[in-house]
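Data block below; observations after.
The values are calculated or read from the model by the stated rules, or taken from the named source; none is laboratory data. The model shown is predicted, which means the values in this text are computed figures rather than measured ones. Neighbour counts run over all protein chains shown; Cβ positions are idealised from the backbone, glycine included. Note: areas computed on protein heavy atoms with side chains; ligands, DNA, RNA excluded. Shrake-Rupley method; radii C 1.70, N 1.55, O 1.52, S 1.80 Å.
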Amino acid sequence: MRRIAIAAAATVSVVVLLFSYRTSTDSTPVATGRTPPPSRTANPPASGTSAGVDGTFTGDEADTRYGPVQVRITVAGGRITDSQAVEYPQESGRDVRINSAAVPELNQETLQVQSAQIDTVSGATYTSEGYQQSLQSALDQAHR
C-alpha cells in the first residue's frame, strides 16, 4: 500500500512538472502577469557613445573558463562603427568550431545594439559573457 501511495505521488509530481514546462521562447505575456521584454529598434541610440571620443578602443581581457576574450571597437560620430574580438578561445577544435560561428555574431550584434547589452550566443555562453565584459571595458574607455 505504501508503494502505491509513493508511486501515485511521483506520477502526480511528474505530470505537474510536465504541464508547467514552457517550450516556447516567444515574448508573449502569459496569464501570470509577466510582461514581454522590451523590443529593440533597428537603430537604437548608442549607449552614451555620443558623449565619448572617436577612435579605436581595446577592452580589458576578460578571463573565461576556456581562455581570455578581448574586444576592440571603433567609434566614429558617436556610434560604434566596428567591433572585433581580437582574442578569444581557439585552443581546441571545439573552441575553433564554436567561436568561428559565435564571434561574428557577437560582432554584428554589437553594431546593431550599440552597447554591451548584447544577446548571449547559444552554445558559446562563456565566450559571449567574456565578450560582453571586454566590450563594456572598451565602451568605458571611449567615455573618458
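Observations
- Count of region 81-96 residues which are aliphatic (A, V, I, L, M) and either surrounded by 15 or more Cβ atoms within 10 Å (Cβ to Cβ) or over 14 Å from Phe57 (Cα atoms) (or both): 2
- Flag if Ser134 is touching a helix residue (DSSP H, G or I) at 6+ places or on another chain (Cβ under 8 Å) and at pLDDT 90 or above: no
- Residue in region 97-108 that is open to solvent by 60 Å² or more (accessible area, probe 1.4 Å) and within 23 Å of His143 (Cβ to Cβ) present: yes
- Among (1) closer than 13 Å to Tyr131 by Cβ; (2) surrounded by 16 or more Cβ atoms within 10 Å (Cβ to Cβ) - the single one Gly78 does not satisfy: (1)
- Test result for Thr120, open to solvent by 30 Å² or more (accessible area, probe 1.4 Å) and in a strand (DSSP E or B): no
- Checking each residue in region 110-131 for being closer than 15 Å to Ala62 by Cα and in contact (Cβ under 8 Å) with a residue 40 or more places away in the chain picks out Ala116, Tyr126, Thr127, Glu129, Gly130, Tyr131.
- Options Leu106, Leu135: the member that is in contact with a strand residue (DSSP E or B) (Cβ under 6 Å, 6 or more places away or on another chain) and part of a helix (DSSP H, G or I): Leu135
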